[in-house]
Amino acid sequence: MTYAMLADTPARRRKALEQEADVYIINFELLPWLVDEMQWWQWPTVIIDESTKVKNRATKLFKALRKVSKHWERLIELTGTPSPQGLTDLWSQLYLIDHGERLGKTVTAFRNRWFTSDYMGWKYEPKPNAQREIESRCRDVCLSMTAEDYLDLPDMMVDDIAVPLPASAMKVYQRLKKDLTTEISAEQHITAVNAASLVNKLLQCTSGTVYDEDGQHVKLHTAKAEALRDIQDTIGGESLLVAYQFRHELKMLREEFPELVEIRDSADAMDQWNRGELKMLAVHPASAGHGLNLQHGGRHIVWTTPTWNLEHYIQTNARLHRTGQTKPVIVYRLVAPGTVDERVLTALVDKGTVQKLLVDSLK
């Protein structure tokens, strides 16, 4: 099949639109531009890869797709994580398929029917029959094909490694948790302005470094770096993929491991990894969770700090656990006992349970 690439400079995009091709390819960021540029929608079939990118109805991306959704004949949405944060993620994806026929014309109607919210309307919990009813309504337009059922992949194992914080770091952690502020020195203070900020600051504490009030990073401990070095020793000469959360965490990892390369350090980093030339490659789940094939370079991945985001977690692990991987994949999660690390992993399991029920019901 012939194709035209629209993800390019403005002049080249317009030239590509004039080409005769079987397939036209564009990235998510430029799709609103495409909708504004077109006098009429010329494509009868639209394929959205990683459809959870359109789960937020308030984005320009969703609004652009909604604007032209009546002009296509067929829509195919692909995703390995249809409901990473829960069932509420489904409304926008289904709306583009049926214009609200199954889950409601508006997200408000969808939420009112199947969810209860807290006083502020920030958190939505499914009603008793919500899971079963939503699955039933989606089933006729959804097909579930899991890797376990259709691909001959090696096993993937999870190894949670307890990393106790040093007494001095735990003291800072507990003071911050109790008072939302703590003093490191006469010049350095750590403050959380609200509960959401507090959780983030506590995760920074368990990672080893944290931002102070002036935006400078303060090193509290190297416990997780030491655990990372132990993993290196255990796996011998094999390569190690490291998933990190914070910029200052990456800076600390670079200081502790001079051989570490971040995926964005060079355009050739992915190829170097797959050729076995890199022994430690760092990736941020938000930017490396999709589109990277890293399965030829190694089978070990370490999460130095846990993530709340189920989609990031699943997709980042899938950079190694995918077609072409020949060895069992091992996922190491560094967890500081008695801290927010444990709470994040519990939340991740709860989200994963909801998604697994959904995916299994649609097989």
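Each reported figure results from applying straightforward, stated rules to the coordinates on display, with no laboratory input. A quick note: this is a predicted structure, and the numbers were derived from the prediction, not measured. Every residue, glycine as well, gets a Cβ built from its backbone with ideal geometry; the counts of neighbours run over all protein chains shown.
What's the extension gain from Thr323 to Arg74 if we count 0.36 nm per residue and subtract their Cα-Cα distance? Please list the in-between numbers first.
Values: separation 249, 0.36 × 249 = 89.64 nm, distance 2.80 nm.
Gain on extension, Thr323 to Arg74, equals 86.8 nm.
Our note on the geometry: Cα centres of region 58-80 and region 84-149, 17 Å apart.
Once you list every other residue whose beta carbon is under 13 Å from the beta carbon of Thr307, what net charge do they have if Lys and Arg are +1 and Asp and Glu are -1?
On the way: positive: Arg333, Arg343, Lys351; negative: Glu249, Glu311, Asp341.
Charge balance near Thr307 sits at 0.
May I ask you to derive the FRET efficiency for Arg247 and Asp140 from their Cβ-Cβ distance with R0 = 35 Å, giving the value to the nearest 0.05?
On the way: r = 45 Å, r/R0 = 1.29.
Computed FRET efficiency for Arg247 and Asp140: 0.20.
Please label the shape of region 117-157 as rounded, prolate or oblate, based on the square roots a ≥ b ≥ c of the eigenvalues of the alpha-carbon gyration tensor (a/c under 1.5 means rounded; beyond that, a/b larger than b/c means prolate, else oblate). Cα axes put region 117-157 in the oblate bin. Cross-link reach is defined here as a Cα-Cα straight distance under 24 Å, omitting same-chain residues fewer than 8 places apart; for Lys279 the lysines meeting it are Lys224, Lys251, Lys327.
Which order results if Trp308, Trp122, Trp43 are arranged by neighbouring Cβ count within 10 Å, fewest first? Don't skip to the end; give the middle numbers.
Numbers: Trp308 18, Trp122 8, Trp43 14.
By the 10 Å Cβ count, ascending, the order reads Trp122, Trp43, Trp308.
Comparing Gly297, Gly324, Gly208 in a Gaussian network model of the chain, where Cα atoms under 10 Å apart are tied by springs, the biggest mean-square fluctuation is seen for Gly324. Within the chain, helices built from complete DSSP H runs that reach 20 Å or longer along their own axis (Cα positions) and carry a mean Kyte-Doolittle hydropathy of -0.5 or higher are 340-361. Each pair of Cα atoms in region 227-322 enters the Kirkwood radius, and Stokes-Einstein at 4 °C and 1.567 mPa s then converts it into a translational diffusion coefficient of 98 µm²/s. Debye-formula intensities of region 40-144, expressed as log10 I(q)/I(0) at q = 0.15, 0.22, 0.25 Å⁻¹, are -0.63, -1.30, -1.61 (one equal scatterer per alpha-carbon, no solvent).
Calculated FRET efficiency, Arg229 and Trp41, Cβ-Cβ r, R0 51 Å, to nearest 0.05? Present the calculation step by step, with values, prior to reporting the outcome.
On the way: r = 55 Å, r/R0 = 1.07.
Efficiency for this residue pair is about 0.40.
Let me know the shape class of region 1-53, please: from the alpha-carbon gyration tensor, a ≥ b ≥ c as square roots of the eigenvalues, rounded when a/c is under 1.5, otherwise prolate if a/b is greater than b/c, or oblate. It is rounded, given that a/c, with a ≥ b ≥ c, falls under 1.5.
Which FRET efficiency value, to the nearest 0.05, is calculated for Leu180 and Arg111 with the Förster distance at 25 angstrom and r the Cβ-Cβ distance? Can you show the working numbers first?
Values: r = 31 Å, r/R0 = 1.25.
Efficiency, rounded to the nearest 0.05: 0.20.
Were the residues from Lys356 through Thr9 laid out at 0.36 nm apart, the gain over their Cα-Cα distance would be 120.9 nm. Sorted into 10 angstrom bins from 0, the C-alpha pair distances of the chain split as 5, 20, 26, 26, 18, 5, 0 percent.
Name the longest site-free stretch of the chain, where the excluded sites are GluC sites (Glu not before Pro) in a DSSP loop with no more than 14 other beta-carbon atoms within 10 Å.
Numbers: sites that count: Glu18, Glu20, Glu73, Glu101, Glu187, Glu213, Glu259, Glu277.
It runs 278-363.
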